[in-house]
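Structure record follows, encoded as structure tokens.
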């Protein structure tokens with residue numbers, strides 16, 4: 001069969017496929033006129049005939065059409081996919097699946113640690129994994145060809161850029177939580193100060209719980225938290241002092257960025273403790289340096305007295321005597337003589 005005959009059969013098959021798949025009427029092409037060795041190619045007469053296909057024939061036609069669309073089989077009738085719709089390379093698909101699994105684990109950890117806040121201490125390892133997977137995608141190249149670059153296929157191939165959006169969400173959440181202030185420089189583990197603070201925080205909550213249980217009868221009757229305030233005062237002061245030290249160190253560490261917070265885990269833990277201590281238990285820490293406080297208070301109270309006394313002393317002035325000059329005296333006496341000639 002020549003090239004023209006192959007083209008005709010290709011057109012015939014493509015014309016029949018939609019009708020076969022949908023079970024509708026199809027066009028039957030019949031040769032019209034006779035032909036000899038020197039005669040031109042016979043014309044095709046279009047005859048419309050209804051076709052009744054069985055279910056098996058419809059399924060076979062559908063499989064055939066899908067094979068053509070996928071670029072499979074049928075020798076010279078193979079229809080390959082267009083070049084602008086390439087399939088992902090195996091290594092690119094593996095990178096995408098790794099990022100998807102790590103993202104799912106990190107998302108679950110963030111949600112589970114939302115209340116009470118434990119984001120940084122529970123999820124920092126998963127965050128490092130997601131960051132590593134994203135770096136692998138950004139650096140990966142499929143088969144050293146620009147068209148199969150994994151970074152281009154996964155990060156820049158569409159308008160939505162789902163992988164990029166998801167990565168930006170994780171980075172923004174991590175930065176707003178200030179988790180770097182709770183971790184070491186390489187962000188591989190919690191810092192020593194953070195571990196010490198969390199241990200002391202847990203001990204403080206344990207002290208609260210134990211003293212409430214020991215004084216349960218008075219607690220139920222009149223909400224008396226005397227035992228909690230008395231027995232947990234020292235450990236609460238230590239926790240508050242450690243928090244203040246961590247704040248000062250953080251301010252010294254971030255001089256160029258004023259107002260930098262501690263990580264959200266530490267801040268939330270301290271806020272919970274202070275609310276329990278001041279609002280729930282109605283406790284207060286007495287000041288041990290009473291003498292300096294009293295002295296400063298007395299000095300402040302006497303400041304208005306000292307101010308008004310000094311103002312009064314400086315405002316009092318001596319009376320000035322009017323001293324006339326000599327010329328003014330002589331003229332005055334001359335005027336008096338003229339007014340009294342007798």
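The values are calculated or read from the model by the stated rules, or taken from the named source; none is laboratory data. Computed from a prediction, not measured in an experiment: that's the story for all the values here. Methodologically, a virtual Cβ is constructed for each residue, glycine included, from the backbone with ideal geometry; neighbour enumeration extends over all protein chains shown.
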With the condition being surrounded by fewer than 19 Cβ atoms within 10 Å (Cβ to Cβ), at pLDDT 90 or above and in contact with a helix residue (DSSP H, G or I) (Cβ under 7 Å, 6 or more places away or on another chain), I'd like the helices (runs of 4 or more DSSP H) fully within the stretch 165-273 carrying at least 1 qualifying residues.
192-214, 226-231, 233-253
Looking at residue 152, is it in contact (Cβ under 8 Å) with a residue 24 or more places away in the chain, in a helix (DSSP H, G or I) and either touching a strand residue (DSSP E or B) at 6+ places or on another chain (Cβ under 8 Å) or more than 19 Å from residue 267 (Cβ to Cβ) (or both)?
no
Could you grab me the full set of residues in the stretch 111-120 that are surrounded by fewer than 20 Cβ atoms within 10 Å (Cβ to Cβ), within 16 Å of the chain's Cα centre (by Cα) and touching a residue at least 12 places away in the same chain (Cβ under 8 Å)?
117, 118
Some residue of the stretch 286-301 being assigned to a helix (DSSP H, G or I) and modelled with pLDDT of 90 or more
no
Counting only residues that are in a helix (DSSP H, G or I) and exposed (fewer than 13 other Cβ atoms within 10 Å of the Cβ), which one in the stretch 83-99 is modelled with the lowest pLDDT?
90
